[in-house]
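Inspection log for the structure reproduced underneath, given as structure tokens.
The values are calculated or read from the model by the stated rules, or taken from the named source; none is laboratory data. Nothing here was measured: the structure is a model prediction, and the numbers come from that model. Here the Cβ positions follow ideal geometry from the backbone for every residue, glycine too, while neighbour counts run over all protein chains shown.
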Amino acid sequence: MTQKTQPAAVALSRSATKKKRRLTIQREIAVLLAMIVFNLLFTDHFWSLQTFNVNLTQVVTIVIVGIGMTLVVATGGIDLSVGASMAISGALAPMLFMNIDGPLGIVLAFTLPIAAAALCGVFNAFLVTRLEVQPIVATLVLFIAGRGIAQVVTDGSLQAFNNPAFQWIALGKVGGVPFQILLMFALVALFAWIVRKTLFGKYLLVTGGNEQAAYLSGIPTARVKMIAYTVCAALAGLAGLISISVNSSSDANVIGLGSELDAIAAVAVGGTALTGGKAYIAGTLIGALIIQLLRYTLLAHGIPDAAALVMKAGIIIAAVYVQRRRH
């Protein structure tokens with residue numbers, strides 16, 4: 001290929017990528033709108049502010065964890081330990097604001113648990129990048145041990161609390177809109193911009209698309225993965241704080257339980273290829289909404305929650321199949 005044709009080829013590739021991204025998002029939006037129309041026609045009391053807020057608040061933690069999972073999946077990896085990171089964060093926070101009075105306790109309750117969760121991501125990345133452990137095996141370590149750490153920290157007991165200052169992150173409202181919903185959309189917008197417009201975003205996709213070629217071209221692939229896993233765990237830590245705030249209690253046995261599967265499902269349904277090299281943050285949001293709305297629809301029509309789980313599994317299989325046909 002001559003020097004003149006190289007820029008044209010690059011431009012053509014970028015154009016094709018943008019078109020594929022646009023078609024993916026449009027397809028997910030079409031599915032979501034079809035489900036909304038169905039509920040408007042056949043589900044009682046669906047068109048109400050309360051129903052709208054309930055469905056959105058129930059996907060907040062999934063979307064926040066899903067954003068981080070999207071970054072990790074884009075590198076060609078996976079993180080099974082996000083639920084454990086949520087448990088560790090959720091276990092530490094009450095111990096801080098219940099034992100340290102005043103604003104300092106609140107500040108520490110937000111910062112230290114998220115930092116502790118981020119360290120879980122550093123540990124995962126170390127196993128993946130330095131010891132070259134397969135991501136599914138590396139993150140399985142904290143999937144098992146992380147929740148055990150949270151249970152040891154709390155002696156396996158429930159920590160009940162009532163702290164409006166801390167719980168404002170989940171229960172507070174801005175202009176009548178729950179703050180956690182605004183936070184979710186802000187994070188989606190921020191990380192969508194990071195992936196599409198920053199150098200890190202480009203490195204992320206190239207690393208996942210062809211790690212060896214990326215490394216040979218000078219891209220610090222190990223550092224990219226370190227950032228992705230660390231951010232993923234930190235976002236899981238934030239989701240853990242929201243989760244315990246909603247429940248007014250912290251139980252290390254159940255915080256974040258199954259969140260890793262919900263996040264992976266949102267990523268897959270949202271169009272991000274589980275093989276790496278792609279990252280659709282907006283798609284992850286839409287994927288989470290599709291899964292939540294499906295569950296709501298089934299429950300509203302008297303179908304047991306167990307059936308929703310089966311349907312969720314079917315959607316994941318279909319999403320992966322479509323991805324394979326597309327690529």
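Considering only residues that are over 21 Å from Ala186 (Cα atoms) and either surrounded by 12 or more Cβ atoms within 10 Å (Cβ to Cβ) or touching a strand residue (DSSP E or B) at 6+ places or on another chain (Cβ under 7 Å) (or both), which ones fall in segment 35-63? Break it down into steps so the answer makes sense when it comes.
Step one: filter segment 35-63 for residues over 21 Å from Ala186 (Cα atoms), giving 35-48, 50-51.
Met35, Ile36, Phe38, Asn39, Thr43, Phe46, Thr51 - these are the residues of segment 35-63 that are over 21 Å from Ala186 (Cα atoms) and either surrounded by 12 or more Cβ atoms within 10 Å (Cβ to Cβ) or touching a strand residue (DSSP E or B) at 6+ places or on another chain (Cβ under 7 Å) (or both).
Let's see how each residue does on (1) over 25 Å from the mean Cα position of the chain (by Cα); (2) charged (D, E, K, R); (3) within 21 Å of Thr230 (Cβ to Cβ):
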| position | (1), (2), (3) |
| --- | --- |
| Leu127 | no, no, yes |
| Leu131 | yes, no, yes |
| Gly156 | yes, no, no |
| Lys173 | no, yes, no |
| Pro178 | no, no, no |
(message) For segment 67-88, give me the residue count where each residue is among the small types (Gly, Ala, Ser), part of a helix (DSSP H, G or I) and under 26 Å from Thr198 (Cβ atoms).
(response) 3
(message) For the structure I just gave you, tell me whether Lys202 is part of a helix (DSSP H, G or I) and either touching a His at 6+ places or on another chain (Cβ under 9 Å) or over 27 Å from Glu28 (Cα atoms) (or both).
(response) no
(request) State yes or no: is Ile194 surrounded by 17 or more Cβ atoms within 10 Å (Cβ to Cβ) and free of Cβ contacts under 8 Å to residues at least 24 places away in the same chain? (result) yes
(message) Looking for something within 19 Å of Ala170 (Cα to Cα), buried (at least 24 other Cβ atoms within 10 Å of the Cβ), aliphatic (A, V, I, L, M) and touching a Leu at 6+ places or on another chain (Cβ under 7 Å) - is there at least one such residue anywhere in segment 93-108?
(response) yes
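Consider segment 100-127. How many of its residues are outside any helix (DSSP H, G or I) and farther than 21 Å from Ile242 by Cβ?
Taking segment 100-127 and keeping what is outside any helix (DSSP H, G or I), we get 100-101.
Adding the requirement that they be farther than 21 Å from Ile242 by Cβ leaves 101.
Selection size over segment 100-127: 1.
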(request) Please state which of the following conditions Val206 fails to meet, knowing it meets all the rest: (1) at pLDDT below 95; (2) crowded, with 17+ Cβ neighbours inside 10 Å; (3) farther than 23 Å from Ser259 by Cα. (result) (1)
(request) Report whether or not Ala117 is closer than 30 Å to Asn163 by Cβ, buried (at least 20 other Cβ atoms within 10 Å of the Cβ) and among the small types (Gly, Ala, Ser). (result) yes
(message) Under 9 Å between Cβ atoms, which residue pairs at least 6 apart in sequence (or on different chains) link something in segment 228-239 that is of a type in the set (S, T, N, Q) with a partner that is surrounded by fewer than 24 Cβ atoms within 10 Å (Cβ to Cβ)?
(response) Thr230/Ala118; Thr230/Leu119; Thr230/Val122
(request) Among the numbered conditions (1) out of contact with any Gly (no Cβ under 9 Å at 6 or more places or on another chain); (2) free of Cβ contacts under 8 Å to residues at least 60 places away in the same chain; (3) among the β-branched types (Val, Ile, Thr), tell me where Ile169 comes up short. (result) (2)
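If you check Gln212, Gln180, Gln151, which single one turns out to be of a type outside the set (Phe, Trp, Tyr) and either exposed (fewer than 14 other Cβ atoms within 10 Å of the Cβ) or assigned to a loop (DSSP other than H, G, I, E, B) (or both)?
On the way: Gln180 fails: either exposed (fewer than 14 other Cβ atoms within 10 Å of the Cβ) or assigned to a loop (DSSP other than H, G, I, E, B) (or both); Gln151 fails: either exposed (fewer than 14 other Cβ atoms within 10 Å of the Cβ) or assigned to a loop (DSSP other than H, G, I, E, B) (or both).
Selected residue: Gln212, the only one of Gln212, Gln180, Gln151 that is of a type outside the set (Phe, Trp, Tyr) and either exposed (fewer than 14 other Cβ atoms within 10 Å of the Cβ) or assigned to a loop (DSSP other than H, G, I, E, B) (or both).
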(message) Can you pull out every residue in segment 279-313 that is out of contact with any Leu (no Cβ under 7 Å at 6 or more places or on another chain) and among the small types (Gly, Ala, Ser)?
(response) Ala282, Gly283, Gly287, Ala288, Ala300, Gly302, Ala306, Ala313
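Residue-wise test of (1) touching a residue at least 40 places away in the same chain (Cβ under 8 Å); (2) touching an Asp or Glu at 6+ places or on another chain (Cβ under 6 Å); (3) closer than 23 Å to Lys202 by Cβ.
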| residue | (1), (2), (3) |
| --- | --- |
| Ala266 | yes, no, no |
| Leu274 | yes, no, yes |
| Lys278 | yes, no, yes |
| Leu298 | no, no, no |
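Which one is modelled with the lowest pLDDT among residues in segment 1-29 that are part of a helix (DSSP H, G or I) and over 19 Å from Ala273 (Cα atoms)?
Initially, segment 1-29 is screened for residues part of a helix (DSSP H, G or I), giving 5-29.
Checking which are over 19 Å from Ala273 (Cα atoms) leaves us with 5-12.
Working: Thr5: 47, Gln6: 43, Pro7: 48, Ala8: 46, Ala9: 41, Val10: 38, Ala11: 46, Leu12: 44.
Once the filter is applied, the top-ranked residue is Val10.
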(request) Note down all Cβ pairs under 9 Å where the first residue falls in segment 38-66 and is in a helix (DSSP H, G or I), the second is exposed (fewer than 15 other Cβ atoms within 10 Å of the Cβ) and of a type in the set (A, V, I, L, M), and they're at least six residues apart or on different chains. (result) Asn53/Val177
